[in-house]
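Each remark here refers to the structure printed beneath this line.
A short reminder: the numbers here are calculations on the coordinates, not readings from a lab. As the structure is a prediction and not an experimental result, all values here were calculated from the model. Positions of Cβ are backbone-derived with ideal geometry, glycine not excepted, and every protein chain shown enters the neighbour counts.
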Amino acid sequence: MNTEGKATILIVDDSDIIRYSLKSFFSDYNFEVITCLNGLEGIQKSVENKPDLIFLDLMMPNFDGMKMLQVLKVMDNLKLIPVIVISGNTNKTNVLSAIEAGADRVISKPLQKEIIIKNIIDLLGPDFLKKSKKNNAEVNDKNKELLNHLSKFFLDKFPEKKIKLVDALRKRNTGTMATLIHEIKGAGGTIGYPIISVICYEIEKILDLNVIDWSLIDTKCRQIFSIVEKIEFLKTTVSN
C-alpha cells in the first residue's frame, strides 16, 4: 500500500499487450499499478514499493519469472506478498514448478477478467476489490471500450513486431522468434482473436523440435500477418 493509502499492484511481464490489458482492467479501481519488463526490475520495484499483489509472467528474457519468485521468497520483507503467475503454458509441470517456487496462483493466457477477479478474491478477500471499486464504472461499456483499446494498441505495435519477425525468419534466429511469438500468443486471445494464439502455439512447438522447419514457420507467420490485416480492415471499415 502506498503513502496515499491506495493498494499497489505490480505487473511483471515482457508483453506490452498483457501489461496494457491488466493496467486497463485495474483502471476501474483506485489502485496504484506499477509495471516492468523483467524479473530483475520486478525485484527492484517490489523492494521500492512493497506491492499488495504481484502478477508475474514466467517466460521473460534475461531474468525470468521463476528466478524472480525464488528471490522474492527468501526476502523477509517480500516473501508474504501474494503472487499470481500468468503463463502461456500452464501444463501440469509448469504449474507445479511455479507453485514450488512460491507462486500462490497460476492462471493461463489469454487473461479472462472473471478468473482474475476470482483469484484476487481467493487470495485477498472480496473487500480488497470492493473498497477500491470506482463508483462511476460502467462495466459493460468498460469491457467493450477496453477490448477496442487493446485491439488498437496491438495493431499500432504490430508493424514493428512484423519487421522483427521477418528479420528473425531471414536470419533463422530461434531466440528472437520464440520471444516474439510468445508475446503475440498472449496478445491474440486478449484482443478477442484466439486463432492467433493457436498459430503461435503451433510455431512454438516447431521451435522445440531438434530440426526446425523454417519454411513451415514462415507459412504460419504469413497466416498471422493475414489475420492481422483482416482485423485492420474490419476496424477501418467500422470506423468509416
Item to check | Residue pairs, from the table LYS134/LYS220; LYS118/LYS162; LYS164/LYS235; LYS134/LYS162; LYS133/LYS230, whose Cα atoms sit over 31 Å apart | outcome: LYS134/LYS220; LYS118/LYS162; LYS134/LYS162; LYS133/LYS230
Item to check | By average C-beta atoms within 10 angstrom, highest first, the peptides 106-117, 123-134 | outcome: 106-117, 123-134
Item to check | Most mobile of GLU204, GLU160, GLU32 in a GNM of the chain (Cα contacts under 10 Å) | outcome: GLU160
Item to check | Options SER226, ALA178, ALA168, ranked by Cα towards positive dipole end of the stretch 164-232, top entry (Cβ charges) | outcome: ALA168
Checklist entry - Among all helices in the chain defined by DSSP H, which have a length of 27 Å or more along the axis from Cα atoms plus a Kyte-Doolittle mean of at least -1.0? => result 139-171, 214-239
Item to check | For the stretch 29-77 and the stretch 100-123, distance of Cα centres in Å | outcome: 15 Å
Checklist outcome for this item: FRET efficiency (ILE206, LYS230; Cβ distance; R0 30 Å; to 0.05) is 0.80
Checklist entry - Where does the stretch 152-195 land on Rg(C-alpha)/(2.2 N^0.38 Å)? => result 1.17
Item to check | LYS171 paired with ASP76, simple spin-label distance in nm, labels 7 Å along Cα-to-beta-carbon | outcome: 4.6 nm
Item to check | For peptides 206-212, 220-226, 79-85, 91-97, sequence by mean Cβ density within 10 Å, most packed first | outcome: 79-85, 220-226, 91-97, 206-212
Next on the checklist: With n ≥ 4 as the cut-off for DSSP H runs, can you work out [θ] at 222 nm for the chain, using -39500 (n - 2.57) per run divided by the number of residues, rounded to the nearest 500?
Outcome noted: -20000 deg cm²/dmol
